[in-house]
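In what follows, a structure is listed as structure tokens, so that the remarks can point back to it.
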Amino acid sequence: MQLSVDPEAATPPYEQIRSQIAGQARSGELPTGLKLPTVRALAEQLGLAANTVARAYRELEAEGVVETHGRRGTLIAATGDTAHRLTAAAATEYAERARRLGVPRADAEAAVATALRMAYEAS
């Protein structure tokens, strides 16, 4: 697993770690079931505080990219199904919230289109 952190970047180090691991997991470069280094080991390797790596791992777990199994460590999860399930849940939550707020459907759809365009152009 190749990771690099640019301390001069505007993106926080934990986010740099999170996005690199997530991208490598999605591409298959990090296969399902691969055991990631411990928080302490990766922090030492990258010259970062353990809390920085721990935050990246927590966010990856919340996204369904990794699974933590106590003594077995942190493993790359089977992200395909998890990613789709989490995306569908987030979309449903957004749609329900927009409806409760009284936002017209066309405006809610426009907001999603704008958010998606911004998110994917930033990548």
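The values are calculated or read from the model by the stated rules, or taken from the named source; none is laboratory data. Quick caveat: nothing in here was measured; it's all calculated off a predicted structure. All Cβ positions, glycine included, derive from the backbone under ideal geometry; neighbour counts span all protein chains shown. Calculation scope for accessible area: heavy atoms of the full protein, side chains included, ligands and nucleic acids excluded. Shrake-Rupley method; radii C 1.70, N 1.55, O 1.52, S 1.80 Å.
Summary of computed values
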read-out	value
Residues of segment 16-52 satisfying the condition of being touching a strand residue (DSSP E or B) at 6+ places or on another chain (Cβ under 7 Å) and either without any contact (Cβ under 8 Å) to a residue 12 or more places away in the chain or buried (at least 18 other Cβ atoms within 10 Å of the Cβ) (or both)	A25, L30, L36
Listing of helices (runs of 4 or more DSSP H) fully contained in segment 1-101 that carry 2 or more residues being under 29 Å from A113 (Cβ atoms)	13-27, 50-63, 79-100
Condition broken by R55, with the remaining ones in (1) under 27 Å from Y120 (Cβ atoms); (2) touching a Phe, Trp or Tyr at 6+ places or on another chain (Cβ under 7 Å); (3) open to solvent by less than 50 Å² (accessible area, probe 1.4 Å) satisfied	(3)
Per-region count, segment 64-123, residues of a type in the set (S, T, N, Q), at pLDDT 90 or above and over 30 Å from T38 (Cα atoms)	1
Test result for P13, under 24 Å from A122 (Cα atoms) and open to solvent by less than 50 Å² (accessible area, probe 1.4 Å)	yes
